[in-house]
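Chemist: Pasting a structure here, questions to come.
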Amino acid sequence: MITLILSNLSVNIQAIYPEIILSLTLVALVIFDLIFNKQKKFLPLISIIGLFFAFIFVIPEFGTSRSAFPTSENNSLLSIDSFSAFFKGLIIIASVFVVLFSMSSNEIKSCPDRQGEYYSLMFGMIIGMFFLVSANDLILIYLSIELLSLSSYVLAGFVKTSIRNSEASLKYIIYGSTSSGIMLFGISILYGITGSTNLFEINSVLGFSNVPQITFLISILMIFTGIGFKISIVPFHFWTPDIYEGAPLPITAFLSVASKAAGFAVLIRFIEITFAESLSKSGFWQLIPYVNWQNLLVLFSIITMTFGNFAALWQDNLKRLLAYSSIAHAGYLMLGVAVLSDQGLTAVLIYFSIYLFMNLGAFFIVMLIANKINSENIDDYRGLGYSIPFLSTSLAIFLVSLTGLPPTAGFIGKLYIFFALVDAKMIVVAIIALLNTVVALYYYIRVLKVMFLERTDKHVEIEISPLNFVIILALLAPTLIFGVYFTPLVNIAKNSIQLLGF
Amino acid sequence: MNNFPILSFLTFLPILGMIIVLFLPKKQELSIKVTTLVITGLQLVLSIVLLMNFNYSAGGINDPNSFQFIEKFRWIDIPGFSWIGNIKIDYFLGVDGLSTPLVLLTAIITFIATLSSWNIDKSIKGYFIMFLLLDTGMMGVFVALDFFLFYIFWELMLLPMYFLIGIWGGPRKEYAAIKFFLYTLFGSIFILLVMIGLYFSSMETLVDGTKVFTFNLLTIMDPNNYTPYGILSPLNPNNLRLIAYIALFIGFAIKIPMFPFHTWLPDAHVEAPTAISVILAGVLLKMGTYGILRVSYPIFPEITMSLSWFIALFGMINIIYGALAAMAQKDFKKLIAYSSISHMGYVLLGMSALNTMGISGAILQMFNHGTITAMLFLIVGVIYDRAHTRDLDAFGGLGVQMPAYTGFVTIAFFAAIGLPGLSGFISEALVFLGAFGSGTTRILGIISTLGILLGAAYMLWTLQRVFLGKLNEKWKSLPDLTAREYFMLVPLTAIVIFLGVYPTPMLDLMNASVNSMVKFINNAQVFYSSLNSF
């Protein structure tokens, strides 16, 4: 089992400064909430300060490649590398936005006395994700997933008085605990076969000795189930629409971006480290052929995006529609992983950074509108383009970007996925993915149609506070700028694909 | 003059106008309209300046040195990917004899469409913002020489067009708008795929000797730049060039629109407001054929050669099918829409001939069809504004009631039929001369002449139903043309008559380019057949 070697404790502690800061922020939030019971408005401020300092300590992690908390001479629990730093950066940006969203959410405001709980649980999620993206030991992966999940179960049902919230939370617990149970079972089988939970050690065992094929495959599929649940790919997606619709909107946005990012990070690390055969110079990964990852991932991603897109066609609730669209996007992202090359990995990172802004933007505007009209039904959006032009136009831009039309950033994300696919000569897959875009256009444009093409006498007025205005602009700017000038984004992404040991 | 980035100005002036309109208050309707008119007017002036400084002897097509008004700099420059070279995208604009007539056409049509938009009555600000965005997209397509840039402009047009049809259109506008959008997006995904495929098949040699993949259309056209293993490289024995050609062709054919991808057009035209119909028929349809001539022909010359019979066949089907369908219409606008399909068939037929006559005829027909159809749609708009119906059988005897209007209609109709002395005649004659001159397309060309007959039949029949005979009492009070309508119709009529009597300036404009294209395709044939021999 795991035996920590604690000879160089101070060095190891330094490696997890960001996580320590986040934990301290969590503690600070709880204590502040206990002492200054009436000063709720400082809680978001403390959260943002905590995130800011965590970010400062994440920045130097770019370009480094080191391990922390060794369990044996060569292996360790955590990898601190550019790849994890990239995802930590994404998670922090998403968290800052979600904290800001929560400040104007009516749902969150409806529970004024439990604000402290809300923000500290959110930090529980963030800490879980931070460990998840750099973990290279299955036990740590499992524990981080549990920390992430347990916090998000509570947050999904945060508004206790809302039946919808409670239902979402209950469903989430049932699905979530089942899938993590399956994952844990898979991990135990894998441990039984290889005698280790460390990804690097499993890798060397696979390289030098034969393992029973069927049992091994079953254990891998079980672990894949647990991760697949987090990134909500078909057929592990059943929770997604219900929870996205039921949970408070900031939490939905958070789940759809940050928690999915962490899930993808762990999937990529799991595949690349466990199955790497040799150091590859060509950019295409050489994997140990126990599992045909390419076919498996292509199959899952095509099913996921096709199902997500077609199911979204019939949705009347915008939150549900965005839930299915996020399933479809998970499919596109998975295609980038399925290429099994550095090119594909770069595409995934680019896609994720863009997806973060456009998806958060879409959810934020849906939230602002829902604050006022108390509905997320597409039919209630009729004619909104004329009564609230700024919000509607912004939503339109986010949705067009989600569709992937130039000159928005969403196009660049898709373009890089297709670059990777064509580079790997996976033309048929590329065609299927492109045809999916046409399907996606239909339901995204339907929202635009209702807002702009249909008219109503009902007049809705929404006042946008200066803060919310700035938030929207901060989300719009990258969505538009990265569409025409994406050099910096691609540079960051391609410098961040370095995993520890590669 | 040499350093003035005239093409960038032509392309991005509308964006500037869009920003101005964006900051104008909603109530200032007149200033919004005037801003747009000034911007499109400036664009027209710039395009005439362009024409006056144009060097008629420079060929263009595949030769980077004979393109004119070139603007080129690195737009995206990402070093590093060791295994795929560097990603570089150029901001590369330039014109030759193929694009200049269409730049001119776009400027003219947009200006006239702005005038025609004067009676738009709801959400004026939104309308003109979308209108100007569309303008940038159209101009950009005709001047871009980098495939990536071309594609961005190509896609940029979709969304404004969707809203222009969808918000300001007729009763079934939502259906028409989404149908247009889905069809064209479906087409452009094929263009995108071929674009990426070509990117990985061709390499540009930089000044320092390193080779990088490229989107530069002119580099891709040069057979010497192909990589040995690219999926669309002729050097690769397992290449997918034929499939890519067909995919690219479908992508462009949807825009033309070519049978059987034409069904979006009648719906879009019928529902779109007059000004948008004018733009759609006048400029947007030309993009399909322009794309084929600019991209497919020089990049895949050997496949163009071997498939030219099929292109001619589809041209013939378009001509005859469009004419027959037009004859069956009861809606004035739908009739014009189908006549457009028929007339775009001539363009396809002309370019399939692959000789100087045919390709000149095709380009000239693109220009002429742009002006003539714009006139026809304006004419429908005039009568619809007054009578609020487009039912051909509801009219009769309007010739007495609106004599000036009838005069313009007659000129436009006769030009569309191809009566000698009007511009339509010259281009159709050239198309047929070209088609007869080429062995592959001769028979199809002969069958296509039937289209002229059918064209005359439906046009004259319409003329008779609407303008001759006894005046329907209901229309006794219809006023004749207003000053604004004169202002829109007179310049177009002048162009139609002028190019009918004296087409030389236009033919001179494109001559060098057409010759170099024909020469390039025929020479390339030698290169590609040498590849097959070993």
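Chemist: Hey, could you check the range A:231-285 for residues that are among the polar types (S, T, N, Q) and part of a helix (DSSP H, G or I) and say which is nearest to A:ILE202 (Cα to Cα)? Steps first, answer last, please.
Modeler: To start, the set of residues in the range A:231-285 that are among the polar types (S, T, N, Q) comprises A:232, A:240, A:252, A:256, A:259, A:274, A:278, A:280, A:282.
Next, only the ones that are part of a helix (DSSP H, G or I) stay: A:240, A:252, A:256, A:259, A:274.
Values: A:THR240: 32, A:THR252: 35, A:SER256: 31, A:SER259: 26, A:THR274: 6 Å.
Filtering first and then ranking leaves A:THR274.
To keep it simple, each residue is scored yes or no on (1) surrounded by 15 or more Cβ atoms within 10 Å (Cβ to Cβ); (2) β-branched (Val, Ile, Thr); (3) at pLDDT 90 or above; (4) within 30 Å of B:TYR297 (Cβ to Cβ).
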site	(1), (2), (3), (4)
B:PRO25	no, no, no, no
B:THR36	yes, yes, yes, no
B:THR40	yes, yes, yes, no
B:SER47	yes, no, yes, yes
B:ASP63	yes, no, no, yes
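Chemist: Name the residues in the range B:469-499 that are in contact with a helix residue (DSSP H, G or I) (Cβ under 6 Å, 6 or more places away or on another chain) and among the aliphatic types (A, V, I, L, M), would you?
Modeler: Within the range B:469-499, B:LEU471, B:LEU478, B:LEU481, B:MET488, B:LEU489, B:LEU492, B:ILE495, B:VAL496, B:LEU499 meet the criteria.
Chemist: On to the next question. Take A:ALA477 and tell me if it is assigned to a helix (DSSP H, G or I) and surrounded by 17 or more Cβ atoms within 10 Å (Cβ to Cβ). Steps first, please.
Modeler: Values: assigned to a helix (DSSP H, G or I): yes; surrounded by 17 or more Cβ atoms within 10 Å (Cβ to Cβ): no.
Here the answer is no, as A:ALA477 does not meet what is asked.
Chemist: Considering A:GLY207, A:GLY186, which residue is more than 22 Å from the chain's Cα centre (by Cα) and either assigned to a strand (DSSP E or B) or modelled with pLDDT of 90 or more (or both)?
Modeler: On inspection, the qualifying residue turns out to be A:GLY186.
Chemist: Somewhere in the range A:353-366, is a residue crowded, with 24+ Cβ neighbours inside 10 Å, part of a helix (DSSP H, G or I) and more than 20 Å from the chain's Cα centre (by Cα)?
Modeler: no
Chemist: Would a scan of the range B:226-241 turn up a residue that is among the charged types (D, E, K, R), away from every other protein chain (no Cβ under 14 Å) and touching a residue at least 12 places away in the same chain (Cβ under 8 Å)?
Modeler: no
Chemist: Can you tell me which residue is modelled with the highest pLDDT among those in the range B:502-534 that are surrounded by fewer than 17 Cβ atoms within 10 Å (Cβ to Cβ) and not in a helix (DSSP H, G or I)?
Modeler: By that ranking, first place goes to B:TYR502.
Chemist: Can I ask one more? How many residues does the range A:453-476 hold that are of a type in the set (A, V, I, L, M, F, W, C), over 21 Å from the mean Cα position of the chain (by Cα) and either closer than 23 Å to A:GLU61 by Cβ or at pLDDT 90 or above (or both)? Don't jump to the end; show me each part of the working.
Modeler: Let us first name the residues in the range A:453-476 that are of a type in the set (A, V, I, L, M, F, W, C), namely A:453, A:460, A:462, A:464, A:467, A:469-476.
Filter once more, so that each one left must be over 21 Å from the mean Cα position of the chain (by Cα): A:453, A:460, A:462, A:464, A:467, A:469-470, A:473.
Next, only the ones that are either closer than 23 Å to A:GLU61 by Cβ or at pLDDT 90 or above (or both) stay: A:467, A:469-470, A:473.
The number of residues fulfilling the criteria is 4.
Chemist: Quick one: in the range A:392-451, of everything that is within 9 Å of another protein chain (Cβ to nearest Cβ) and in contact with an Asp or Glu (Cβ under 9 Å, 6 or more places away or on another chain), which residue is surrounded by the fewest Cβ atoms within 10 Å (Cβ to Cβ)?
Modeler: A:PRO407
Chemist: When you go through B:GLY396, B:GLY434, B:GLY421, B:GLY439 one by one, which is the residue that is at pLDDT below 90, of a type in the set (Gly, Ala, Ser) and within 25 Å of B:MET305 (Cα to Cα)?
Modeler: One residue alone meets the criteria, B:GLY439.
Chemist: Is there a residue in the range B:115-128 that is away from chain A (no Cβ under 11 Å), within 30 Å of B:PHE67 (Cβ to Cβ) and in a helix (DSSP H, G or I)? Even if it seems obvious, please write down each step before you answer.
Modeler: Step one: list which residues in the range B:115-128 are away from chain A (no Cβ under 11 Å), which gives B:115-121, B:124, B:127-128.
Subset that is within 30 Å of B:PHE67 (Cβ to Cβ): none.
Checked against the condition, which is being away from chain A (no Cβ under 11 Å), within 30 Å of B:PHE67 (Cβ to Cβ) and in a helix (DSSP H, G or I), the range B:115-128 yields no hits at all.
Chemist: Among residues belonging to the range B:163-202 that are assigned to a loop (DSSP other than H, G, I, E, B) and touching a residue at least 60 places away in the same chain (Cβ under 8 Å), point out the one that is nearest to the other protein chains (Cβ to nearest Cβ).
Modeler: B:PHE200
Chemist: Only residues that are farther than 20 Å from A:LEU368 by Cα and at the interface with chain B (Cβ under 10 Å from one of its Cβ atoms): list them for the range A:452-466, please.
Modeler: A:LEU453, A:GLU454, A:ARG455, listed by residue number.
Chemist: Is the range A:323-330 home to any residue that is under 30 Å from A:HIS459 (Cβ atoms) and out of contact with any Gly (no Cβ under 7 Å at 6 or more places or on another chain)? Before you say what the answer is, go through the steps one by one.
Modeler: Going residue by residue through the range A:323-330, those that are under 30 Å from A:HIS459 (Cβ atoms) are A:323, A:325.
Imposing the further condition that a residue be out of contact with any Gly (no Cβ under 7 Å at 6 or more places or on another chain) reduces the set to A:323.
Yes, the range A:323-330 contains a residue that is under 30 Å from A:HIS459 (Cβ atoms) and out of contact with any Gly (no Cβ under 7 Å at 6 or more places or on another chain).
Chemist: Return the pairs, sorted by first residue and then second, in which the second residue is part of a strand (DSSP E or B), the first residue lies in the range A:63-82 and is without any contact (Cβ under 8 Å) to a residue 24 or more places away in the chain, the beta carbons are less than 7 Å apart, and the residues are 6+ apart or on different chains.
Modeler: Cβ pairs passing all conditions: A:THR64/A:ILE80; A:THR64/A:ASP81.
Chemist: Checking the structure you have, find out if any residue of the range B:66-81 is among the aliphatic types (A, V, I, L, M) and within 14 Å of chain A (Cβ to nearest Cβ).
Modeler: yes
Chemist: Would you confirm whether any residue within the range B:75-91 is basic (Lys, Arg) and part of a helix (DSSP H, G or I)? Even if it seems obvious, please write down each step before you answer.
Modeler: Filtering the range B:75-91 down to residues basic (Lys, Arg) leaves B:88.
If we keep only those that are part of a helix (DSSP H, G or I) as well, we get none.
Looking for residues that are basic (Lys, Arg) and part of a helix (DSSP H, G or I), one finds none in the range B:75-91, hence no.
Chemist: Something else about it: Inspect all residues belonging to the range B:397-418 and state whether any of them is in a loop (DSSP other than H, G, I, E, B) and in contact with a Gly (Cβ under 8 Å, 6 or more places away or on another chain).
Modeler: Within the range B:397-418, the subset in a loop (DSSP other than H, G, I, E, B) is B:397, B:402, B:418.
Now restrict to residues that are in contact with a Gly (Cβ under 8 Å, 6 or more places away or on another chain): B:397, B:418.
Yes, there is a match, as at least one residue in the range B:397-418 is in a loop (DSSP other than H, G, I, E, B) and in contact with a Gly (Cβ under 8 Å, 6 or more places away or on another chain).
Chemist: I've got another one for you. Restrict the check to the range B:141-164 and report whether at least one residue is of a type in the set (Gly, Ala, Ser), touching a Phe, Trp or Tyr at 6+ places or on another chain (Cβ under 7 Å) and surrounded by 24 or more Cβ atoms within 10 Å (Cβ to Cβ).
Modeler: So in the range B:141-164, the residues of a type in the set (Gly, Ala, Ser) come out as B:144.
If we keep only those that are touching a Phe, Trp or Tyr at 6+ places or on another chain (Cβ under 7 Å) too, we end up with B:144.
Still in the running and surrounded by 24 or more Cβ atoms within 10 Å (Cβ to Cβ): B:144.
Yes: one or more hits.
Chemist: Turning to a different aspect of this structure: Can you tell me which of B:MET351, B:MET402, B:MET366, B:MET375 is modelled with pLDDT under 90 and in contact with a Leu (Cβ under 9 Å, 6 or more places away or on another chain)?
Modeler: Numbers: B:MET351 fails: modelled with pLDDT under 90; B:MET366 fails: modelled with pLDDT under 90; B:MET375 fails: modelled with pLDDT under 90.
Of the residues listed, the single one that is modelled with pLDDT under 90 and in contact with a Leu (Cβ under 9 Å, 6 or more places away or on another chain) is B:MET402.
Chemist: Within the range A:252-297, which residues are farther than 19 Å from A:PHE352 by Cβ, of a type in the set (A, V, I, L, M, F, W, C) and either touching a residue at least 60 places away in the same chain (Cβ under 8 Å) or surrounded by fewer than 19 Cβ atoms within 10 Å (Cβ to Cβ) (or both)?
Modeler: The answer is A:ILE273, A:PHE275, A:ALA276, A:LEU279, A:PHE284, A:ILE288, A:VAL291, A:LEU296.
The values are calculated or read from the model by the stated rules, or taken from the named source; none is laboratory data. Quick caveat, the model's predicted, so the values are computed rather than measured. As a convention, Cβ positions derive from the backbone with ideal geometry for all residues, glycine included, and neighbour counts pool all protein chains shown.
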